[in-house]
Amino acid sequence: MMSLLALFISAIFVNNIILSRFLGCCPFLGVSSKLETAKGMGIAVIFVTVMASLMTWSAYEFILVPLGLEYLYTLSFILIIAALVQFVEIVLKKLQPGLYKSLGIFLPLITTNCAVLGVAVLNMNEKYSLLQSLVHALGASLGFLLAIILMAGIRERIETNQNIPKCMRGLPIALITAGLMSIAFMGFIGIIK
């Protein structure tokens, strides 16, 4: 059994949800053009992922397993995540209208963000306890935040570079950057055994 610290570090660096598992690429590429928006998305994903892990673990262990309905985990997890995202959307609209507008369509897309669902399914597949699930969810979502902030910082610097050919500006250079970041994160593989 992996220690909690190793699980946490592994989820952030070694098994980064975006750069190693390639989950959550849509908001990663769509929201990472501005640093402020990337931070807001990352924080929203942290909240949703941790809360979704708590609620999906509880639903799986206390409802689905006792009733013999384990096969409904995907449907139930998506419903739980959708409800949480609606809650986050309402709160952001009320408390942070600027961030709400800048996130635009990507905020409701957290509902279908495969990173959030992926963490919940990984927790279930690995048979993590509640504490392990929460630690893994926090680490994975912090890994998402780290990756999206790094990408936003790089993309902001790239925007000011006039030496990039016109055909490579925008998404093409963003995809190349994401690939190079992914290769760089492979260097963390030896950290956790």
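Quick notes on this structure:
- Taken over region 21-43, the criterion of being in contact with an Asp or Glu (Cβ under 9 Å, 6 or more places away or on another chain) and either assigned to a helix (DSSP H, G or I) or closer than 16 Å to A115 by Cβ (or both) is satisfied by L35 alone.
- Test result for I18, at pLDDT 90 or above, at negative phi and assigned to a helix (DSSP H, G or I): no
- Residue within region 140-149 that is in a helix (DSSP H, G or I) and open to solvent by 60 Å² or more (accessible area, probe 1.4 Å) present: no
- Among residues of region 121-145 that are on the phi < 0 side of the Ramachandran plot, those with a Cβ under 7 angstrom from a residue that is among the β-branched types (V, I, T) and not in a helix (DSSP H, G or I), sequence gap 6+ or separate chain, pair up as A140/I17; G143/I17; F144/I17; F144/I18.
- Test: K127 is assigned to a helix (DSSP H, G or I) and charged (D, E, K, R): no
- Which numbered condition L67 misses (of (1) over 14 Å from the mean Cα position of the chain (by Cα); (2) surrounded by fewer than 19 Cβ atoms within 10 Å (Cβ to Cβ); (3) closer than 30 Å to K34 by Cα; (4) not polar (S, T, N, Q)): (3)
- Condition check for I43: aliphatic (A, V, I, L, M), buried (at least 18 other Cβ atoms within 10 Å of the Cβ) and either more than 16 Å from M124 (Cα to Cα) or within 19 Å of the chain's Cα centre (by Cα) (or both): no
- Taken over region 164-178, the residue count meeting the criterion of being open to solvent by 30 Å² or more (accessible area, probe 1.4 Å), in a helix (DSSP H, G or I) and not β-branched (V, I, T) is 6.
The values are calculated or read from the model by the stated rules, or taken from the named source; none is laboratory data. Small disclaimer: the values here were computed from a predicted structure and weren't measured. Here Cβ is always computed from backbone atoms with ideal geometry, including for glycine, and neighbour counts include all displayed protein chains. Side chains included, ligands, DNA and RNA excluded: accessible areas come from the protein's heavy atoms. Shrake-Rupley method; radii C 1.70, N 1.55, O 1.52, S 1.80 Å.
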